[in-house]
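For reference, the structure discussed in these notes is given below.
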Amino acid sequence: MNIDNLRTQMRKGMLEYCILLLLQGGDAYSSEMIERLKAARLIVMEGTLYPLLTRMKNAGLLAYRWQESTQGPPRKYYSLTPEGELFLAQLRESWRELAFTIETLSAENLPQ
């Protein structure tokens, strides 16, 4: 099994959660999200992000608004909807459960 493939799959699985985490602090536009994800060492290409944002918007998790920019065309700013906030809370709980499982199993298998 190739570790790089597994890492890629794990990151893809966490991307939706990471986007919701980014937006819990306030609205953001796509380029800003990409930069923040890169700063957090989660490399995301625009071709991956845009379809995901559209799916999340269509699912009712995100809303967007257009805002004029002084540096070019208007920007589409995304925000969490109430449904998105609820989904984020559910994902956060799922993450805690998974992290607990991993930590518990790791601790059980430490050399004595």
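The values are calculated or read from the model by the stated rules, or taken from the named source; none is laboratory data. Since this is a predicted model, take the numbers as computed values, not measurements. Here the Cβ positions follow ideal geometry from the backbone for every residue, glycine too, while neighbour counts run over all protein chains shown. In case anyone asks, the SASA skips ligands and DNA or RNA and just uses the protein heavy atoms, side chains included. Shrake-Rupley method; radii C 1.70, N 1.55, O 1.52, S 1.80 Å.
Among the residues of segment 66-106 satisfying the criterion of being open to solvent by 90 Å² or more (accessible area, probe 1.4 Å) and assigned to a loop (DSSP other than H, G, I, E, B), which is nearest to SER31 (Cα to Cα)?
GLN71
List the pairs whose first member sits in segment 32-46 and is over 19 Å from SER79 (Cβ atoms), whose second member is charged (D, E, K, R), and whose Cβ atoms are under 7 Å apart, counting only residues at least 6 apart or on separate chains?
Taking only residues 6 or more apart or on different chains, the pairs are LEU42/ARG11.
For segment 53-65, enumerate the residues that are open to solvent by less than 60 Å² (accessible area, probe 1.4 Å) and not in a helix (DSSP H, G or I).
Of segment 53-65, the ones open to solvent by less than 60 Å² (accessible area, probe 1.4 Å) are 53, 56, 59-63.
Across segment 53-65, the qualifying residues are ALA59, GLY60, LEU61, LEU62, ALA63.
Quick check: is even one residue across segment 50-70 of a type in the set (D, E, K, R), on the phi < 0 side of the Ramachandran plot and without any contact (Cβ under 8 Å) to a residue 12 or more places away in the chain? Steps first, please.
Restricting attention to segment 50-70, the residues satisfying the condition of being of a type in the set (D, E, K, R) are 55, 57, 65, 68.
Checking the rest, the ones that are also on the phi < 0 side of the Ramachandran plot come to 55, 57, 65, 68.
From what's left, without any contact (Cβ under 8 Å) to a residue 12 or more places away in the chain: 55, 68.
Yes, segment 50-70 has at least one match.
Suppose we keep only residues that are assigned to a loop (DSSP other than H, G, I, E, B) and touching a helix residue (DSSP H, G or I) at 6+ places or on another chain (Cβ under 9 Å) within segment 16-42. Which one would you say is modelled with the highest pLDDT? Can you show your working first?
Applying the first criterion (assigned to a loop (DSSP other than H, G, I, E, B)) to segment 16-42 yields 24-27, 40-42.
Remaining after also requiring touching a helix residue (DSSP H, G or I) at 6+ places or on another chain (Cβ under 9 Å): 24, 40, 42.
Numbers: GLN24: 96, ALA40: 92, LEU42: 87.
The selected residue is GLN24.
Select from segment 43-52 the residues that are under 14 Å from SER31 (Cβ atoms) and not in a helix (DSSP H, G or I) and write down the one among them that is least open to solvent (accessible area, probe 1.4 Å).
My answer is VAL44.
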